[in-house]
Each structure stands twice: as C-alpha cells, then as structure tokens.
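Here is the structure we will look at, set down as structure tokens.
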Amino acid sequence: MTKIEKKLEFIQKQIENAKLRTNQMQEVKIIAVTKEVDVTRTEEAITAGLSHLGENRPEGLAKKLEVIHSDVEWHYIGSLQTRKVKQVIAQIDYLHSLDRLSLAEEIEKRSTTIVKCFVQVNVSGEDSKQGLTKEQALQFVKQLQSFTKIEVVGLMTMAPFTEDEQVIRQVFRELKQLQQEVVQLCLPNVPCTELSMGMSNDYEIAVEEGATFVRIGTALVG
Ligand SMILES: *Cc1c(COP(=O)(O)O)cnc(C)c1O
C-alpha cells in the first residue's frame, strides 16, 4: 500500500465513523486538493482511487492538465478572477468559489456548457475570508435565476482557523441551514443539494454536520 492509499483508507474510516456518530446517510465525496503537490504526487492520488481533484490557481490547474488525462473530475476551489474565467471554465467540472455577480456574468458569457457551481459563503464573517454573507447569498441565488450557464449545485465555506471545535461546528451548521433555506426557494437552476465544507483539520466535524464534499490537501497528499 502506498502512503496515499493508507491515508485515504484512514480518512474514509474517519468519515464513516463521523456519519455513524450522527446518523448521517449522505454520500461524502473526497476532493484531493493537489494545489501544493506536483504532478507525480497527483498521479499517485489518482492511482489510489481518488477521482475528484482540487486546484486553486489557473496555472496549477493548467500544469496538471498538460500531463494528466485520466478520467477525473476537476474542482476549482480558489478565488477566480473574472479575466481568468475563459481560461479556466472549460477545463473544470465544478467551481467552488462563485461569490459575485460579475463572475457569474462572465461565466454566462464565456461558457458553452452549464457549469456546476458552489456559492461561497463567509459564514463566520471574518474579513480575511472570501465569500458572501448569508443574507447576500440568499439574494445572490435569486439573481442567478435568469442565468442559463450556471447551476448552483450547493454552498461552500471555509471554517475559521481555530482550535475551538464549537466555533467550527457552528459555521458548518449555519451553512447547512442556509442550504435548506435556498432549497426552499425552488429556483430551477439552483438545486443546491450539496455542501462543500471540511478540510484536513475539520472534515470530521463537517461530515457530522452534513458535508457532501470534503476538500482535503495536507492530510491526504501532503
Ligand atoms: C488548500 C485548500 C483546502 C485544503 O486544505 P488542507 O488544510 O490542506 O486540507 C481546502 N479548501 C480550500 C478552499 C483550499 O484553498
């Protein structure tokens, strides 16, 4: 067994345990965040069985795509500059950082296919974090109604850097509540069934609170 295979097995076990603890039935997909590792390591991750990969910069994504032609799904998890939309959007399967109307408009203009997007929410309200406030996010998805190239598959957030588990848990819980509010709007291009939350240090808490995608870098491929 390779190192990555061992780590993956451990993480999958932790996820199963977290689900059992809280009676969660959802399928949890692991996104291997490869932004800090090279192509070789990324290929090892694919060999280990990971089929969702995450990058956060156009250059990093391009570099991986030059050599990796495996049938994997690419998740763009970084903030995306409007002028980079054209370059990035055709290459990815999911965008986790939809956070403004200008970005949505550029996608609408440039994309030839429907792009699966997560609206990024700054639940904790920290200045350093990207994303909309909960109130803004609700307004935002309503504004997306007329967009034909955007499908809001879910919400994404990052928890604050803290040791305080309760603070982290509260953030994930609020994202889930917001997701349920969005679902109730019944907007045709906003199914919003997914929750992208949880990283190396807090994915177990995220799963306990209903995550369907966890984004794991250092604990998996680092
Ligand atoms: C880097 C990154 C991750 C992965 O972080 P780790 O702590 O290495 O697991 C997840 N989500 C986003 C948005 C990131 O930028």
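The values are calculated or read from the model by the stated rules, or taken from the named source; none is laboratory data. Everything numeric here is computed off the predicted structure, so don't read it as measured data. Cβ coordinates were reconstructed from backbone atoms using ideal geometry, including for glycine residues, and neighbour counts include every protein chain displayed. With ligands, DNA and RNA removed, areas are computed over all heavy atoms of the protein, side chains included. Shrake-Rupley method; radii C 1.70, N 1.55, O 1.52, S 1.80 Å.
Things to note:
- Flag if Ala211 is closer than 20 Å to Asp93 by Cβ and either assigned to a loop (DSSP other than H, G, I, E, B) or open to solvent by 60 Å² or more (accessible area, probe 1.4 Å) (or both): yes
- Scanning segment 95-105 for residues that are among the hydroxyl-bearing types (Ser, Thr, Tyr) and more than 12 Å from the ligand (Cβ to nearest atom) returns a single hit, Ser102.
- Looking only at segment 89-129, and only at residues there that are β-branched (Val, Ile, Thr) and not in a strand (DSSP E or B), the one that is farthest from the chain's Cα centre (by Cα): Thr112
- Among the candidates Asn189, Asn201, the residue that is over 23 Å from Thr47 (Cα atoms), within 16 Å of the ligand (Cβ to nearest atom) and in a loop (DSSP other than H, G, I, E, B) is uniquely Asn201.
- All positions within segment 24-43 that are within 16 Å of the ligand (Cβ to nearest atom) and either part of a strand (DSSP E or B) or open to solvent by 60 Å² or more (accessible area, probe 1.4 Å) (or both): Lys29, Ile30, Ile31, Ala32, Val33, Lys35, Glu36, Asp38
- Sole residue being over 18 Å from Asp99 (Cβ atoms), at pLDDT 95 or above and away from the ligand (no atom under 15 Å from the Cβ), chosen from Gln184, Gln179, Gln143: Gln184
- Ile15 vs. criteria under 24 Å from Met156 (Cα atoms) and assigned to a strand (DSSP E or B): no
- Residue within segment 151-167 that is closer than 30 Å to Ile46 by Cα, assigned to a helix (DSSP H, G or I), within 15 Å of the ligand (Cβ to nearest atom) and more than 13 Å from the chain's Cα centre (by Cα) present: no
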